[in-house]
Amino acid sequence: MSTNLVIRDARESSQVEASWKKFDTAFEDLLHTRVDHITLSGAPLVLANGVERHRALLQEFRHRYPVPVGTSPQSFVDALKYLGAVKLAVATSFIPAHNELVKAFLASEGFDVWGIESLDTGMTSLEKAMLSPTQVFRHVRTVGRKYPTCDAVLITSSAWPTLTVIQALEDDLGKPVVSSSIGQIWWPLKELGIKAEIKGYGKLLGTLS
């Protein structure tokens, strides 16, 4: 279940600010459908006002609403901590300013970011979903091989089609690979105590069994 909180291009600060103002309405719409969990997706969106504001926002929503609330960045850092990763290589689809937001957030959560590399396609937030899994695989593999002694590779684009390439990337790189979308699958299921036998989609989802 999703609501109509849409940001077409996270590079436009006006769209980011407008979306922040709609969070409460989006939450109320979702709660009317009796959802069991809510995630705010999109790292550039939820980190746009800084690490401390993100932390305060998440705390506020978790206190205010009767269901578990997460964000895509909080989901992937919780996932990386669960896997015991500290040293990270990060593959993104973001502009440099958004990469710095992600890097600052990861550092605030205790991670050592060895490198953060962007695949600059010039695409808007919505267009990134049309990128082929092969293009994603090649970029992430390049990043992982560039930092061979990292503990894990993080992919910070919820729009990228990562589900079908996670296992192949882990097999190739020999280490966990976590994406924003994978984190947003894993965290709600873990938080709600839902067990699932998921094989062939990476180490993280395999921990749900």
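The values are calculated or read from the model by the stated rules, or taken from the named source; none is laboratory data. Because the structure is a prediction, the values reported are computed rather than measured. Every residue, glycine as well, gets a Cβ built from its backbone with ideal geometry; the counts of neighbours run over all protein chains shown.
The table for this structure:
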quantity	calculated
Selected residue (criterion: surrounded by the fewest Cβ atoms within 10 Å (Cβ to Cβ)) from residues of segment 64-98 that are part of a loop (DSSP other than H, G, I, E, B) and in contact (Cβ under 8 Å) with a residue 60 or more places away in the chain	Gly84
Number of the exception - Val35 against (1) modelled with pLDDT of 90 or more; (2) out of contact with any helix residue (DSSP H, G or I) (no Cβ under 8 Å at 6 or more places or on another chain); (3) β-branched (Val, Ile, Thr)	(1)
Scan of segment 118-139 for residues that are at pLDDT 70 or above and surrounded by 17 or more Cβ atoms within 10 Å (Cβ to Cβ), ordered by number	Ser118, Leu119, Lys128, Leu131, Val136, Phe137, His139
In segment 163-179, the residues that are of a type in the set (Ser, Thr, Tyr) and either surrounded by fewer than 24 Cβ atoms within 10 Å (Cβ to Cβ) or over 10 Å from the mean Cα position of the chain (by Cα) (or both)	Thr164
Per-region count, segment 99-111, residues acidic (Asp, Glu) and surrounded by 14 or more Cβ atoms within 10 Å (Cβ to Cβ)	1
Residue in segment 17-27 that is among the small types (Gly, Ala, Ser), within 18 Å of Phe76 (Cβ to Cβ) and either at pLDDT below 80 or in contact with a Lys or Arg (Cβ under 7 Å, 6 or more places away or on another chain) (or both) present	no
Members of segment 85-97 found to be over 18 Å from Lys175 (Cα atoms) and in contact with a Lys or Arg (Cβ under 8 Å, 6 or more places away or on another chain), listed by number	Ser93, Ile95
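A quick yes/no check of all residues on (1) in contact with a Leu (Cβ under 7 Å, 6 or more places away or on another chain); (2) part of a loop (DSSP other than H, G, I, E, B); (3) closer than 27 Å to Val51 by Cβ:
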| residue | (1), (2), (3) |
| --- | --- |
| Leu106 | yes, no, yes |
| Trp114 | yes, no, yes |
| Val140 | yes, no, yes |
| Val153 | yes, no, yes |
| Gln167 | no, no, no |
| Glu170 | no, no, no |
| Gly183 | no, no, yes |
| Pro188 | no, no, yes |
| Gly193 | no, yes, no |
